[in-house]
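The structure under discussion appears below in the form of structure tokens.
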Ligand code: PHE
């Protein structure tokens, strides 16, 4: 049964027959993984933003994920019967509000308020979807957009010259690093808009494509460097990155495209984009003199590739063994850890003599390994001190018993641990405390 009201990020909604956001989903709202500089999604966001620093973009990342149906759909020209509007595809709070399904929901506000020619918007987005290792009902997108106003130029030629010089200013990726298969657009199914000339459409399309190619080559080259650093010698690491453009459809862009990246033997769709429709600029108060482009890139699947993360659910784990592996500004490959619970047991003892030599740490490691095998997940020296009067040395080691593929019972842990304690006494003459 539905509650009569739900509260999300401090805002309360009276539920109605559209309400379908579950407590599990609402629980994830506000986690803001993309704002954490040490989280893979945050590291990726910062990597992209860094590439565009100084190139006339504003970076937005604090739009709330609760939006109106106007912002998510109407302002972008979604038809009334578009499947994205359905309760089967989206999470509604009430008939007029939902968890945004894409960062495009903020395009019009950003066109309105930003003082730079371009902007980026990062945020969490929500979709009802299938369940598998690459799909999760919450993921992250980065929207990018750029616009030009005809009013800033005296002649049409001047505007074209400006766009051309903006294209030339985009840092180039060499053919050695990137091979591009381009595509134009279908004049009927994916046409240029009436309010724009062929030449404007062509140049804006080029500016858009070169910009996305820059993002993609930056990100995937970082992935290659990380894989090489981790010791991989696979062939693809020495080949140029291959990408191709394909035509697409979005209600608020025309023409529209998608970029696909050839990565480990398959074409990955990673970013939808297009020339923004006149109506969006009108709805942003910019009017029909504005021309420009927009794209939306999904961060999670790319972060999974970059960091070699096998399951999207890991992004949401609170387990420190996940979180502690990633650090600001660094792309490093994920080291898997067990899904099964661990059991911690300490061993404290007095060393037999006064010297350090009697029991080398590695001797202790060997005994633990001999008894517990791969069930020993880690062994750490957690305490050490010398008795002030006797000069005897005491150590305490902590063993985590944890299997990669099953739950280890308490009885088993007790048995293994007891055997290790006895072996240490027998072989090294330590005194258990
Ligand atoms: N919002 C689109 C999506 O989620 C991507 C997109 C953004 C397409 C901007 C065109 C322009 O798939």
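Here is how the numbers come out for the structure above:
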{"read-out": "Residues (in a loop (DSSP other than H, G, I, E, B) and more than 13 Å from the ligand (Cβ to nearest atom)) located in the range 83-126", "value": "86, 87, 88, 91, 95, 96, 114, 115, 116, 117"}
{"read-out": "Which numbered condition residue 116 fails, given (1) surrounded by fewer than 18 Cβ atoms within 10 Å (Cβ to Cβ); (2) in the same structural domain as residue 294 (by TED's automatic domain parsing); (3) over 16 Å from residue 284 (Cβ atoms); (4) touching a residue at least 24 places away in the same chain (Cβ under 8 Å)", "value": "(3)"}
{"read-out": "Listing of helices (runs of 4 or more DSSP H) fully contained in the range 269-349 that carry 2 or more residues being within 16 Å of the ligand (Cβ to nearest atom)", "value": "278-283, 300-307"}
{"read-out": "Flag for residue 130 being within 30 Å of residue 313 (Cα to Cα) and not in a helix (DSSP H, G or I)", "value": "yes"}
{"read-out": "Pair list, Cβ < 7 Å and 6+ apart or interchain, from the range 290-301 residues that are closer than 21 Å to residue 203 by Cα to residues that are in a strand (DSSP E or B) and more than 12 Å from the ligand (Cβ to nearest atom)", "value": "290/147; 290/149; 291/147; 291/148; 292/147; 292/148"}
{"read-out": "Filtered residue count, the range 245-268, keeping only those that are within 14 Å of the ligand (Cβ to nearest atom) and assigned to a loop (DSSP other than H, G, I, E, B)", "value": "2"}
{"read-out": "Inter-residue pairs, beta-carbon under 9 Å, first touching a residue at least 24 places away in the same chain (Cβ under 8 Å) and in the range 56-70, second assigned to a strand (DSSP E or B) and surrounded by fewer than 17 Cβ atoms within 10 Å (Cβ to Cβ), 6+ apart", "value": "64/11; 66/11"}
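The values are calculated or read from the model by the stated rules, or taken from the named source; none is laboratory data. Predicted, not measured: the structure shown is a model, and the values here were computed from it. Cβ sites come from the backbone with ideal geometry, for glycine too, and all protein chains shown count toward neighbours.
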